[in-house]
1. For the protein assembly as shown, with equal point scatterers placed on the C-alpha atoms only and solvent neglected, what are the log10 I(q)/I(0) values from the Debye formula at q = 0.05, 0.08 1/Å, to two decimals?
2. Measuring from a point 7 Å out along Cα→Cβ, what nm distances, shortest first, does B:THR177 have to its partners in the other copies?
3. By a straight-distance test (C-alpha under 21 Å), which lysines pair with A:LYS128 as possible cross-link partners, with residues fewer than eight away in the same chain excluded?
4. Where does segment A:111-205 land on the Kirkwood hydrodynamic radius, alpha-carbon pairs, in angstrom?
5. Quick check for you: which residues of segment A:327-364 have the amide N under 11 Å from the point 7 Å beyond the Cα of A:ARG420 toward its beta carbon?
6. As a test of the formula, what do you get for the protein assembly as shown when each DSSP H run with n ≥ 4 contributes -39,500 (n - 2.57) and the sum is divided by the residue count, at 222 nm and rounded to the nearest 500 deg cm²/dmol?
7. Calculate what fraction, in whole %, of the accessible area of segment B:37-324 sits on carbon and sulfur atoms when a 1.4 Å probe is rolled over the protein chains.
8. Which of the lysines could a cross-linker bridge to A:LYS41, judged by Cα under 28 Å and excluding same-chain residues fewer than eight apart?
There are 2 protein chains.
Amino acid sequence: MAIPAQSAATTTMATFTRMVKGQVRHYSAPLDMAIPASKQKYIPSSGSYPKGFSVSGTHVGVKASNTKFPDLALISSETPCSAAAVFTTNKFQAAPVQVSRKILQTRQGQGIRSVVINSGCANAVTGKGGLEDATNMGAKVDECHGLSGEEPSTLVMSTGVIGQRLPISKILAKIPTAHSTLSSTHDAWLSTARAICTTDTFPKLLSTTFTLPSSPGRTYNLAGMTKGAGMIHPNMATLLGVLCTDAPITAPALSALLKHAVSRSFNAISVDGDTSTNDTIAILANGAAGGAPITHPNRSDDYTAMQAVLTDFTQRLSQLVVRDGEGATKFVTVRVQNSPCYDSAKLIASTIARSPLVKTALYGRDANWGRILCAVGYTQGVKDGVVVPDRTSVSFRPLDGSPELKLLVNGEPEQVDEARAAVILQEEDLEIVVDLGGGEQGDKGRGGEEAVYWFCDFSHEYVTINGDYRT
Amino acid sequence: MAIPAQSAATTTMATFTRMVKGQVRHYSAPLDMAIPASKQKYIPSSGSYPKGFSVSGTHVGVKASNTKFPDLALISSETPCSAAAVFTTNKFQAAPVQVSRKILQTRQGQGIRSVVINSGCANAVTGKGGLEDATNMGAKVDECHGLSGEEPSTLVMSTGVIGQRLPISKILAKIPTAHSTLSSTHDAWLSTARAICTTDTFPKLLSTTFTLPSSPGRTYNLAGMTKGAGMIHPNMATLLGVLCTDAPITAPALSALLKHAVSRSFNAISVDGDTSTNDTIAILANGAAGGAPITHPNRSDDYTAMQAVLTDFTQRLSQLVVRDGEGATKFVTVRVQNSPCYDSAKLIASTIARSPLVKTALYGRDANWGRILCAVGYTQGVKDGVVVPDRTSVSFRPLDGSPELKLLVNGEPEQVDEARAAVILQEEDLEIVVDLGGGEQGDKGRGGEEAVYWFCDFSHEYVTINGDYRT
């Protein structure tokens, strides 16, 4: 079977990591934590972490086969935080999703102190017992913080196999250890990011500094970690993410900022289009770096600046999930531009990103614009007048700055330079541009809206991993 | 790579057929028409064809590499027919779709005489020239029938590569041959069904007889042919189908009957979820067998009987497309039952059928109910109150009549008998039952609606075919 040389190297390393000690069918962080050579570049060697936060990654052994590696993550702030979260829209919501949602509602997004996360078991489809387990996990963290008498202030997340109860006594017994080892070092952040991994081949951690217009001399920090999404798990994929900043942001502002950012990042990536019972992205802001609070709906300059920082940051963080898509050999950006409607543009981008025909063609390095056009044409829910066949153009944009390769211009096929297409498709990274020419309003100025999606290809490796051989 | 023995046999034969003479990247009926041994059972050796219809399959060589096999299909009735068609909803509609739609509109579904179809070139994204070509194809058939001065009465379909013009002069030159060889024999029907194939590994032809309540002594005939759909074509899949009956049915009744049937058959199958620019299912009824016309909206007993016959027939015909899904090793029926709403049930069935996680698990023979449940939960557009987690059950229904294997009962995971699951999953055919327990209305009687979808799995072979290696 003719697997291109580059992808073979990538997937062989990834498989190697997962295959060690027969872990292919298992559901916790890989026993062998060796990171594939091709993914080493995504691991930061240092970071700028938000003041007042400390974190830890602790070994519990949620899965009995995990005798060594951290599978319990604790993120805590010295002082109460504003907090917000975006949860899965799946109707089957895991216990920790239900519990965390209720805590945020009860507290109206204020006074949150911690996030506790286990990998190895998703605590999903576990009934009333599962809800008690999730509640008890958070309560134990609060107890360690000396906050037992108050409303719960710890958000809870879980990821791993569904339909099984947590080994809750083991977890509760280790939470004091997790609390006593809280630290603000780079190594602690990295260990925490590792503790939330399941089949991820590398921990996903980013941090950045920024300033706000109202006090340009003051430096703020933003850090975030995430773990793999859709179709990368042998049973059910989960996307989790935690963001922490020392900027002062009110709860309503934080909620609006997170929704905006997630819509353009974690909700604009596709590995396979499946959505899990546990997906959760949470953000905590403790204000420890000082300055005037960012409020909402008063869209101050600070709010606008914060929105740009957070959106860019979550985009970079979510892209790491695509980089780690199971069996992926390509990282593809699809940009739908000059649309009269943002929502329609995003639906089109999403449909292209999810098309198995497009994804396999990219794996096969085929400049198959027909499949892209076809996906544009069958996207459901697009407003009338957005897609006008003779205003639609498709091109490949190489990432080396050379001119784009036009495939279709205003509905007319181009004579494609196959040699150049082959060169462009050799690269791991590719951008597909679909230009809607302004739709029916094209004549009145082509300005329009733009939506971007990031996705990976479908490979033989993907089928192997998710076929989940019992042999 | 551990491909199960049965599927290896299937896919090896299929690949062999397609690989002969380097046809993997080509877009016409396979040069080697040998039918895989595993598919021979789907080829009828005789049939009962509708009176007054004659058909032919003719070699044109739409693709220059095809020097031998039929690629032009003509279906004609001696007398004018009522006709109806269901077309692709893709916004990029191929020229023959536009032309046929207009003919049906102009004639209000009456006086149709023929359908002409070429394979090897889809005549899609071909501008005004393409529209002229499609019009001329139909006009040439009308001319052969001596109908030149009248409104066009021939529907036109094309399937194959997009973005290329038809070799129209070659096609027009062969239409008189197609006309002069029209025949009503079984061999002619089979040759015609072959002429519309592209990457299909076998021609898809069915026929049946039936009676109507108003004249139980009279026998009617119904025949149909179809070709492969979604994700079975290296460039763009097309689903085409033509149905012919000698029952008398008015045009409005025929249109309503076809919509009902296609909704429950061709629009209830999924190979990969992609929808092409050319998809068309047409039906012609010439009334040659006599009797009183079936009318609409007067839902007579005859109408009801005809609806049952046509729906069952189109289901069996469309299932042949799933049987021929590229790389498919499984034929899966998903039944969503006890739903308070048919449309929601169908959306859920469709989402399960399209989930790559579900499709790869089935390929891997994994009783992975979590992925099925997850797809139920993230289905978009489902009405409130339809999916109630603690009323939802999932089971596998073996086709040997043995009791179903319960995986999830009222939202609680079952202890799955893995040995029995393995036996059930060894079979090529499987039925998945999702029982919604009546949704929120479950207490008021579990009657409810049911929707069924048929789909196939995702295999390594699928990725190989659609990755479309250039090497």
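1. Taking Cα atoms of the protein assembly as shown as identical point scatterers yields -0.31, -0.77.
2. The answer, with the shortest distance listed first, is 8.0 nm.
3. A:LYS91, A:LYS102, A:LYS140, A:LYS170
4. Computed over Cα pairs of segment A:111-205, the Kirkwood hydrodynamic radius comes out at 14.0 Å.
5. Those under the cut-off are none; the list is empty.
6. -10000 deg cm²/dmol
7. Percent of accessible area from carbon and sulfur atoms in segment B:37-324: 50.
8. List returned: A:LYS21, A:LYS51, A:LYS68, A:LYS204, A:LYS227, A:LYS330, A:LYS359.
The values are calculated or read from the model by the stated rules, or taken from the named source; none is laboratory data. Just so it is clear, the model here is predicted, and its values are computed rather than measured. Positions of Cβ are backbone-derived with ideal geometry, glycine not excepted, and every protein chain shown enters the neighbour counts. To get the accessible areas, we keep the full protein, side chains included, count just its heavy atoms, and leave off ligands, DNA and RNA. Shrake-Rupley method; radii C 1.70, N 1.55, O 1.52, S 1.80 Å.
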